[in-house]
Amino acid sequence: MQIWAGLGNPGPQYAMNRHNVGFMACDVIADAHGFGPVQKKFSGWAQEGRIGGEKVLLLKPATFMNESGRAVGEALRFYKLGPDALTVFHDELDLAPFKVKVKQGGGHAGHNGLRSIHQHVGDEYRRVRIGIGHPGHKDRVHGHVLGNYAKAEMDDLVDMLGAIGAEADWLAKDEAARFMSDIALRMQG
């Protein structure tokens with residue numbers, strides 16, 4: 001069993017925020033792979049399914065970003081899994097918009113969702129970093145992260161999310177390099 005957690009904030013007012021791209025990724029993966037119905041558990045919304053031969057629990061914490069670790073920790077403890085079974089999808093300021101990179105372990109770079117997960121389960125989990133770009137000055141970060149995607153970005157957003165859903169098999173098989181290269185190829189088209 002793998003647990004794939006998408007980070008975001010609950011509520012319709014946040015639905016299209018850049019900060020919620022982790023939630024968006026979970027929704028697309030669930031649709032692309034025919035996951036079961038959404039269940040309220042682990043302080044969030046969970047869906048079970050299979051990607052390739054792997055059993056995956058998709059989790060969207062309903063705790064608000066800065067408490068994401070609580071929900072993720074609950075799910076890992078319930079299934080008696082360690083952080084090596086966890087993949088977290090999150091927005092990344094230090095990547096160009098719509099770039100997708102996979103990273104194992106490391107710091108939280110000031111991301112409140114990752115900081116919370118570190119407090120609850122440690123830092124040795126896999127991250128799928130989804131680029132949102134940096135607004136240029138640290139004073140503008142908050143508004144950028146909590147800002148909605150612009151109309152002009154919608155085609156790229158849909159293409160990137162579709163690529164994540166379509167290539168998720170590689171991630172489930174622990175072939176991160178292939179996952180990243182196939183997404184990059186799809187985004188060039």
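Observations on the model:
- Residues within segment 61-76 that are under 22 Å from A15 (Cβ atoms) and either in contact (Cβ under 8 Å) with a residue 60 or more places away in the chain or hydroxyl-bearing (S, T, Y) (or both), tallied: 4
- Residue within segment 58-78 that is open to solvent by 10 Å² or more (accessible area, probe 1.4 Å), farther than 19 Å from R127 by Cβ, of a type in the set (D, E, K, R) and not in a helix (DSSP H, G or I) present: no
- Scanning segment 79-95 for residues that are open to solvent by less than 40 Å² (accessible area, probe 1.4 Å) and of a type in the set (A, V, I, L, M, F, W, C) yields A85, L86, V88, F89, L95.
- Filter result for the condition that a residue is within 19 Å of C26 (Cβ to Cβ) and either among the aliphatic types (A, V, I, L, M) or part of a helix (DSSP H, G or I) (or both), over A168, A152: A168
- Scan of segment 112-147 for residues that are under 14 Å from the mean Cα position of the chain (by Cα), part of a loop (DSSP other than H, G, I, E, B) and in contact (Cβ under 8 Å) with a residue 60 or more places away in the chain, ordered by number: I132
- Considering F23, F42, F98, F89, the condition of being more than 27 Å from M187 (Cα to Cα) and at pLDDT 95 or above is satisfied by F42 alone.
- Take the conditions (1) in a loop (DSSP other than H, G, I, E, B); (2) surrounded by fewer than 17 Cβ atoms within 10 Å (Cβ to Cβ); F98 misses just one of them, which is (2).
- Within segment 1-17, the set of residues being open to solvent by less than 30 Å² (accessible area, probe 1.4 Å) and not polar (S, T, N, Q) comprises I3, W4, A5, G6, L7, G8, P10.
- Exclusive hit being open to solvent by 20 Å² or more (accessible area, probe 1.4 Å), in contact with a strand residue (DSSP E or B) (Cβ under 8 Å, 6 or more places away or on another chain) and in contact (Cβ under 8 Å) with a residue 60 or more places away in the chain, set D169, D159: D169
- Some residue of segment 12-19 being on the phi < 0 side of the Ramachandran plot, in contact (Cβ under 8 Å) with a residue 24 or more places away in the chain, charged (D, E, K, R) and out of contact with any Asp or Glu (no Cβ under 7 Å at 6 or more places or on another chain): no
- Those residues of segment 134-156 which are closer than 20 Å to L7 by Cβ and of a type outside the set (D, E, K, R), in sequence order: H134, P135, V141, H142, G143, H144, V145, L146, G147, N148, Y149
- Cβ pairs under 6 Å, 6+ apart, first in segment 77-88 and of a type in the set (F, W, Y), second surrounded by fewer than 18 Cβ atoms within 10 Å (Cβ to Cβ): Y79/M1
- Scan of segment 172-189 for residues that are open to solvent by 70 Å² or more (accessible area, probe 1.4 Å) and in a helix (DSSP H, G or I), ordered by number: A177, R178, L185, R186, Q188
- Condition check for G105: free of Cβ contacts under 8 Å to residues at least 40 places away in the same chain and open to solvent by 50 Å² or more (accessible area, probe 1.4 Å): no
The values are calculated or read from the model by the stated rules, or taken from the named source; none is laboratory data. Being a predicted model, the structure only gives us computed values, none of them experimental. Glycine also receives a Cβ, built like all others from the backbone with ideal geometry; neighbour counts cover every protein chain displayed. Side chains included, ligands, DNA and RNA excluded: accessible areas come from the protein's heavy atoms. Shrake-Rupley method; radii C 1.70, N 1.55, O 1.52, S 1.80 Å.
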